[in-house]
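> Have a look at the structure that comes next, please.
The values are calculated or read from the model by the stated rules, or taken from the named source; none is laboratory data. Just so it is clear, the structure is predicted and the values come from calculations on it, not from any experiment. As a convention, Cβ positions derive from the backbone with ideal geometry for all residues, glycine included, and neighbour counts pool all protein chains shown. Keep in mind that these areas ignore ligands, DNA and RNA; they rest on the heavy atoms of the full protein, side chains included. Shrake-Rupley method; radii C 1.70, N 1.55, O 1.52, S 1.80 Å.
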Amino acid sequence: MLAPTHLIFGQTAYLGMCLVTGHIPTHAEALTAAGCAMIPDLDKRQSIVGRLLYPLASWLEYRFGHRTITHSLLLQALVGTALYYTLPFGWFLAIMSGWVSHSFADMMTLGGVCWFWPTQIRCVLPGNHDYRVEVMSYGELGIAVFIAALAFPLLYLAQKGEGTIGLIQSALGRIESARTQYDAEKGDSAWSLEVRGNDNTTFADVNGTYEVRGAWRENGFLVNTNDGPVTVCRAANCDWYTDHAVLIRGNSEQTTTRTLKAERTTGADLVKRLQPLQDAGRVYLLGTLTIRKAESKLPVIDVTGETVALTYATPGDLTGLGPVKSADLTVQVRHPPGAVVPELAAPPAAAPAVDPLLDKWLR
């Protein structure tokens, strides 16, 4: 087939493989895939790439013939294995998608390809001679137009980064599947949850798309709403009951964690120490505080006696807390890739020790 047809095949094949694998396509990789679709014609002197590397192309064409070694599964497998272990996955995918697409495109021509070289058996697709195309014919033009049109829906679906299994799960809308995907991929992107369901208390519709704050119990989510965080699952013990839930990938982000431990402090002091981290990204707190008296703010703050359990709480949730006997927290900072997350400030000087018998009266 002609060079423009191979360029179209290479780019569309790359988008198709991105869809299958869940890899989000990039412009640079897409251009690389199109360019690498020209590699197999290195065994023909009159091809575009053959003219650029004429001595090598002449030797390959004379020694092996056109549509043989450079179009073969053997060479593609050897090079692909080497690239898989040496290049980032996206670049490996782009190079090999373009290269292999060339062989399949040439199988649609009358002459076929020696895909199983060094045997001279010609592979064709389809097997019926009447349905294959001649080079530079209207048949080739029709195939090129169809493949080019196919690239647009493939691009739209591939940009979701869900993979084919993820797309099927999204179509079914099962919250268990959304949770499985979130648990596997939560560290590389911001996420939202498209919900169709009802409030378990008021029975009001809660249809909409909400930012995911974190996982909730076994198969649920903690999401942000205008009225504060709520839990979503397919059970009556959550704030919202969902009939249909689809996980939506957002911007790329990274999560950096810090450990915050303190004795004899206050909520205001903890918020102050967390402020530099808030400048780097969104901050969420997990762990426990020991406070003599506090109020629950479910679902993020759960008080049992003097133990306060935090589940994806924000620094703002600590505002108003009184004296804190102890804090043992994991601090998550979700930030754009490459952002610098500072270390936590050193705790203030410890207060003089107080006799345990007097502590409950003084604090």
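> Per the chain: cysteines with no other Cys C-beta under 4.7 angstrom?
For the chain, the answer is C18, C36, C114, C123, because their Cβ atoms have no other cysteine Cβ under 4.7 Å.
> So for each of 136-144, 243-251 I average, over its residues, the number of other beta carbons within 10 Å; can you give me the resulting order with the highest mean first? Mind showing how you got there, number by number?
Working: 136-144: 14.4, 243-251: 17.6.
Ranked from most to least packed, the peptides come out as 243-251, 136-144.
> When Lys and Arg each count +1 and Asp and Glu each count -1, what net charge do the other residues less than 12 Å away from D317, Cβ to Cβ, add up to?
Numbers: positive: R213, K297; negative: E295, D302.
Summing Lys/Arg as +1 and Asp/Glu as -1 gives 0.
> Starting from the Kirkwood radius over alpha-carbon pairs of segment 1-135, derive D by Stokes-Einstein at 10 °C in a medium of 1.306 mPa s and give it in µm² s⁻¹.
Numbers: Rh = 15.0 Å.
Taking Rh from Cα pairs, D becomes 106 µm²/s.
> Of all accessible surface on the chain at a 1.4 Å probe, what whole percent is carbon and sulfur? Before the final figure, lay out the partial values.
Details: 11730 of 19240 Å².
Ligands and nucleic acids excluded, carbon and sulfur reach 61 percent.
> Out of residues 5 or more away from A235 or on other chains, whose amide H comes under 5 Å of its own, with H placed 1.01 Å from N in the peptide plane?
T242
> Right, something else. Mind checking the full-extension length gain between H27 and L78? Use 0.36 nm per residue of separation minus the Cα-Cα distance, one decimal, nm. Before the final figure, lay out each step's value.
Numbers: separation 51, 0.36 × 51 = 18.36 nm, distance 2.63 nm.
Result: 15.7 nm gained on full extension.
> Report the FRET efficiency, 1/(1 + (r/R0)^6), for A184 and E306, where r is their Cβ-Cβ distance and R0 is 41 Å, rounded to 0.05.
E between A184 and E306, to the nearest 0.05, is 0.65.
> When the chain is fully extended, how far beyond the present Cα-Cα distance does N128 get from W91, taking 0.36 nm per residue of separation?
On the way: separation 37, 0.36 × 37 = 13.32 nm, distance 3.54 nm.
Contour length minus Cα-Cα distance gives 9.8 nm.
> Still on this structure, please answer the following. Keeping all protein chains in place, calculate the accessible area per residue for the chain (probe 1.4 angstrom), answer in Å². If you can, show how the numbers build up before the last one.
On the way: 19240 Å² over 363 residues.
Value returned for the chain: 53 Å² of accessible area per residue.
> What lysines could a cross-link reach from K160, if we take a straight Cα to Cα line under 18 Å and drop same-chain neighbours fewer than 8 places away?
K186
> Something else: Could you tell me how many degrees, from 0 to 90 and to the nearest 10, lie between the Cα long axis of helix 54-63 and the main elongation axis, the longest principal axis, of the Cα atoms of the chain?
Result, in degrees: 70.
> Calculate, for I121 and L286, the FRET efficiency according to 1/(1 + (r/R0)^6) with r their C-beta to C-beta distance and R0 45 Å; round to the nearest 0.05.
Working: r = 61 Å, r/R0 = 1.35.
It comes to 0.15.
> In the Gaussian network model of the chain, springs joining C-alpha atoms below 10 Å, which of V300, V20, V271 carries the largest mean-square fluctuation?
For the chain, modelled as a Gaussian network with Cα springs under 10 Å, the answer is V271.
> Can you list the lysines whose alpha carbon sits under 19 Å from that of K293, skipping same-chain ones fewer than 8 residues off?
Excluding near neighbours in sequence, the set is K325, K360.
> Same structure, new question: What does the net charge come to around V133 if you take all other residues with beta carbon closer than 12 Å to its beta carbon, with K and R at +1 and D and E at -1? Don't jump to the answer; show the numbers that get you there.
Details: positive: R132; negative: D106, D130, E134, E140.
With Lys, Arg at +1 and Asp, Glu at -1, the neighbours total -3.
> Now a separate question. Angle check, please: helix 175-185 long axis (alpha carbons) against the longest principal axis of the chain (alpha carbons), in degrees 0 to 90, nearest 10.
Result, in degrees: 80.
> Please report, for the Cα atoms of the chain, the Rg to one decimal and the Dmax as a whole number; what are they, in angstrom?
29.5, 97
> Tell me what the chain gives for mean residue ellipticity at 222 nm when only DSSP H runs of n ≥ 4 count, each as -39,500 (n - 2.57), the sum divided by the residue total, rounded to 500 deg cm²/dmol. Intermediate values should be presented prior to the final figure.
On the way: 11 runs with 136 residues, N = 363.
Taken over the chain, the calculation gives -11500 deg cm²/dmol.
> If you split all Cα-Cα distances of segment 256-317 into 10 Å bins from zero, what percentages do you get per bin, shortest first?
Per 10 Å bin, starting at 0, the Cα pair percentages come out as 21, 58, 21, 1.
> Another question about this same structure. Over its Cα atoms, what ratio of radius of gyration to 2.2 N^0.38 Å does segment 207-272 give? Don't skip to the answer; put the middle values down first.
Working: Rg = 15.8 Å, N = 66, 2.2 N^0.38 = 10.8 Å.
Expressed relative to 2.2 N^0.38 Å, the Cα Rg reads 1.46.
> Pull up the cross-link candidates among the aspartates and glutamates for K44, meaning alpha carbon to alpha carbon under 12 Å and not fewer than 8 places away within one chain.
Cα-Cα hits under 12 Å: E61.
> Where does segment 150-234 land on Rg(C-alpha)/(2.2 N^0.38 Å)? Show your work: numbers first, answer last.
Values: Rg = 13.9 Å, N = 85, 2.2 N^0.38 = 11.9 Å.
Taking N as the residue count of segment 150-234, the ratio is 1.17.
> A further question follows. Compute the long axis of helix 89-107 from its Cα atoms, compare it with the longest principal axis of the Cα atoms of the chain, and write down the angle in degrees, 0 to 90, nearest 10.
Helix 89-107 sits roughly 30 degrees off the main axis of the chain.
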